[in-house]
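Before any comments, here is the structure.
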Amino acid sequence: MRARLLQTPSQTAGPYVHIGCAPAHAGLDGPFSDLGRTMVSPDTKGERITLTGCIYDGAGAVMKDALVEIWQADAAGLYPGRGEMRGVADPHFTGFGRCACDGESGDFRFETIRPGAVPFHDGRMMAPHVTFWIVARGINTGLHTRMYFPEDDLSAEPLLARIEHRERVGTLVAQKTADGYRFEIRLQGADETVFFDM
């Protein structure tokens, strides 16, 4: 009997991921809403920034069908939600964003705030960062990475200290733009972004 109940093989995110996760992007209007589309309100505290970027495949081509999610702390370094034990996060900030990459340019774009520093599991403070999760064709399991800010001192960042090949740390640092930051994500190649097993 057990021989018939084998695990099904994993599959890549197919063409329907946008319909389920970003229905407005897929052209579905009405009662549907894109969870994570709006992260801030007029009452959100902190420095407003725009995060943009692109995802590149192993051949260097822009992936126009990727879906990107981000998680981050508020300006005080507190995570929205019930799991935050250090205090009450800004109720006007969601801490979560979801964006389908643009079908023409491949860009993703988030209107958010600059996050505050948060503690590592051992109490050391981590540099302010934004956590990214990426899913697209050819990716069997979503990829996790982080984006750090170029102005911050990353020399004592506890997670980055675990990266053996120090020259790769730069793949996690965004570039400053006029209204925020740009973060390019490369899935393979010489400048492959560091991904974390989370």
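Of all residues being over 25 Å from Arg137 (Cα atoms) and out of contact with any Lys or Arg (no Cβ under 7 Å at 6 or more places or on another chain) in segment 174-198, which is modelled with the lowest pLDDT? Just the residue, please.
Looking at the filtered set, the residue picked out is Asp179.
Can you run down the residue pairs with Cβ atoms below 6 Å, 6 or more apart or on separate chains, where the first is in segment 95-123 and over 18 Å from Thr44 (Cβ atoms) and the partner is β-branched (Val, Ile, Thr)?
Qualifying pairs under 6 Å: Gly106/Val62; Asp107/Thr52; Phe108/Val68.
Just to be sure I understand, how many residues within segment 101-139 are in a loop (DSSP other than H, G, I, E, B), under 14 Å from the mean Cα position of the chain (by Cα) and more than 14 Å from Tyr181 (Cβ to Cβ)?
Going through segment 101-139 one residue at a time, the tally reaches 2.
Pairs under 6 Å by beta carbon, first residue at positive phi in segment 47-73, partner modelled with pLDDT under 95 and buried (at least 19 other Cβ atoms within 10 Å of the Cβ), six or more apart or different chains?
none
I'd like to know if segment 109-118 contains one or more residues that are within 22 Å of Gly53 (Cα to Cα), touching a strand residue (DSSP E or B) at 6+ places or on another chain (Cβ under 8 Å) and among the small types (Gly, Ala, Ser).
Just the residues of segment 109-118 that are within 22 Å of Gly53 (Cα to Cα), to begin with: 109-116.
Keeping just the survivors that are touching a strand residue (DSSP E or B) at 6+ places or on another chain (Cβ under 8 Å) gives 109-115.
Going one step further and asking which of them are among the small types (Gly, Ala, Ser), we end up with none.
No, every residue in segment 109-118 fails to be within 22 Å of Gly53 (Cα to Cα), touching a strand residue (DSSP E or B) at 6+ places or on another chain (Cβ under 8 Å) and among the small types (Gly, Ala, Ser).
Just to be sure I understand, how many residues within segment 152-178 are surrounded by 12 or more Cβ atoms within 10 Å (Cβ to Cβ), in a loop (DSSP other than H, G, I, E, B) and of a type outside the set (Val, Ile, Thr)?
6
The values are calculated or read from the model by the stated rules, or taken from the named source; none is laboratory data. Just so we're clear, the structure is a prediction, and the values are computed from it rather than from any experiment. No Cβ is skipped: glycine too gets one built from the backbone with ideal geometry, and neighbour counts run over all protein chains shown.
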